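> Following this message is one structure expressed as structure tokens.
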Amino acid sequence: MGRATREGRTSMTGKRLGVGFVGSGFNARFHLLAFQSVRDADVLGVWSPNHKHAQDMASVARKLDVGEAKPYRSLAEMVADPAIDALWVCGPNFARIDNFEEIADTVARGKGELRGIACEKPLGRNVAEAKRVLELTKKAGIAHGYLENQAFAPAVAQGRAIIWARGATLTGRPYLARAAEEHSGPHMPWFWQGKLQGGGVLNDMMCHSSLVVRHLLTPPDAPLAAVRPARVTGHIASLKWSRPAYAKRLQQQMGKDVDYTKTPSEDFASVVIEFETKDGATVIGEATTSWSFVGAGLRLSAELLGPEYSMSWNTLDSGLKLFFSREVKGKTGEDLVEKQNAEMGLMPVVTSESATYGYDAEDRHFVRVFLGRESPLLTFDDGLEVVKLLMTAYMSAEQGKTLDFPPAGIERFVPAVAKGTWKP
């Protein structure tokens, strides 16, 4: 028997899903935009430790007409509301364990009931935290989905499908995938602090790129386990933001707690992953992430290569470009592309960022998963595997050598960047 919601629907029978957001930041706002393309869900709640931020985001949800969202005073209160069937967890990394413990406790005490939880990357700041998130969710008996938008990006999804259907079928499987995410740096101070975020750009963005290369190398009808990580080589560096002039600028922008002359995080990371396939082949994934990229704005890119074919994707190869002369001196903004770096000259425009980056398709998928209409493409088990890869890349970078995956001690490993002891 379903539980009645405040809109008189019976969502537990599978008609519509009432969604509550944990967090109200930049990433959560992208999901709100994406929910405009989701037909069978309503955003009905927002909780943030800053109640004013929760009020603001709920107001945005109502203006976008994605649901009659209301702010909640506590996470437990939102979980207990029978209107809320599923959560989208988009809060900061350092709050992940506290958030999941409160969710699990509320459900365990019989105060709330959830059909599903979708969680943004990374699942935890390290393997121990990611395992804890998975254990709490499974113990509470809640279905789970790992939010990895780039795997759902239309160009990635369609390119992968065509490559495997035409090129791989006729000439053999692909053997090399590349992916990169690059921009000029995060919006909020906590991202720049290794202890709060769990690392630097590797922990922040390599979760995307490392999963994308594995996804591209995996046949569409097979699970990710069909392409198993075997060896990992990682490298990290602080190329820009620990330079004295830029460290000073960063502190002025982000506050006194962000001091890259003393406790820097890496602003560049690369990883090479050697995968072994079920049929015994070795295939390679190369991934790069950067907070030191200077261009029009955020650049996502991917390539997939095989014996007689290739595909490539670059979000800044936009179909729409604008030009503004030196006489056009507008205000700083991000109306053309995320992490926009300029307002004049020849500028690419990403016309629907939430769709281009994969949020729309991702949110449609997980709503349908929690309504029982589809099987999840990515779960917290996959999220845990991603964290293991990230931590192996950090361990490899610290030891200066290629490591077998998973290496001994990965369950307890915490990167030097996250400890505040890393010196570039």
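The values are calculated or read from the model by the stated rules, or taken from the named source; none is laboratory data. Nothing here was measured: the structure is a model prediction, and the numbers come from that model. Here the Cβ is made from the backbone with ideal geometry for all residues, glycine too, and neighbour counts use every protein chain on show. The protein model used for the area step is the full one, side chains on, heavy atoms only, and it has no ligands, DNA or RNA in it. Shrake-Rupley method; radii C 1.70, N 1.55, O 1.52, S 1.80 Å.
> So which residues in the range 65-110 are of a type in the set (Val, Ile, Thr) and open to solvent by less than 20 Å² (accessible area, probe 1.4 Å)?
VAL66, VAL79, ILE84, VAL89, ILE103, THR106
> Specify which of the listed residues (GLU286, GLU308) is within 15 Å of ALA180 (Cβ to Cβ), open to solvent by 20 Å² or more (accessible area, probe 1.4 Å), among the acidic types (Asp, Glu) and in contact (Cβ under 8 Å) with a residue 40 or more places away in the chain.
Step by step, each of GLU286, GLU308 is checked, and only GLU286 is within 15 Å of ALA180 (Cβ to Cβ), open to solvent by 20 Å² or more (accessible area, probe 1.4 Å), among the acidic types (Asp, Glu) and in contact (Cβ under 8 Å) with a residue 40 or more places away in the chain.
Residues checked against (1) surrounded by fewer than 20 Cβ atoms within 10 Å (Cβ to Cβ); (2) touching a Gly at 6+ places or on another chain (Cβ under 6 Å); (3) of a type in the set (D, E, K, R):
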site: LEU322; (1), (2), (3): yes, no, no
site: GLY330; (1), (2), (3): yes, no, no
site: ASP335; (1), (2), (3): yes, no, yes
site: ALA342; (1), (2), (3): yes, no, no
site: ARG373; (1), (2), (3): yes, no, yes
site: PRO376; (1), (2), (3): yes, yes, no
site: MET395; (1), (2), (3): no, no, no
site: LYS423; (1), (2), (3): yes, no, yes
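> Among the residues of the range 214-225, are any more than 22 Å from TYR146 (Cβ to Cβ) and hydroxyl-bearing (Ser, Thr, Tyr)?
no
> Inspect the range 119-126 for any residue being closer than 17 Å to VAL22 by Cα, out of contact with any Ser or Thr (no Cβ under 7 Å at 6 or more places or on another chain), assigned to a helix (DSSP H, G or I) and among the charged types (D, E, K, R) and give the result as yes or no.
No, the range 119-126 contains no residue that is closer than 17 Å to VAL22 by Cα, out of contact with any Ser or Thr (no Cβ under 7 Å at 6 or more places or on another chain), assigned to a helix (DSSP H, G or I) and among the charged types (D, E, K, R).
> Considering PHE30, PHE35, PHE21, PHE26, which residue is among the aromatic types (Phe, Trp, Tyr), open to solvent by less than 40 Å² (accessible area, probe 1.4 Å) and out of contact with any strand residue (DSSP E or B) (no Cβ under 6 Å at 6 or more places or on another chain)?
After applying the criteria, what remains is PHE30.
> Of all residues in the range 344-368, count the ones that are more than 18 Å from the chain's Cα centre (by Cα) and open to solvent by less than 30 Å² (accessible area, probe 1.4 Å).
Adding up the residues that qualify gives 5.
> Moving on. For the range 339-424, please list each of the helices (runs of 4 or more DSSP H) lying entirely inside it that holds at least 1 residues being under 30 Å from PRO220 (Cβ atoms).
353-356, 359-370, 380-399
> Restricting attention to the range 231-254, which residues are open to solvent by less than 30 Å² (accessible area, probe 1.4 Å) and in contact with a Ser or Thr (Cβ under 6 Å, 6 or more places away or on another chain)?
VAL232, GLY234, ALA247, listed by residue number.
> As an exercise: evaluate ARG228 against (1) open to solvent by less than 70 Å² (accessible area, probe 1.4 Å); (2) within 23 Å of the chain's Cα centre (by Cα) and give the number of the one condition it does not meet.
Unmet condition: (1).
> I've got another one for you. Restricting the range 115-153 to residues that are touching a Lys or Arg at 6+ places or on another chain (Cβ under 7 Å) and of a type outside the set (A, V, I, L, M), which is surrounded by the most Cβ atoms within 10 Å (Cβ to Cβ)?
Residue satisfying both the conditions and the ranking: GLY124.
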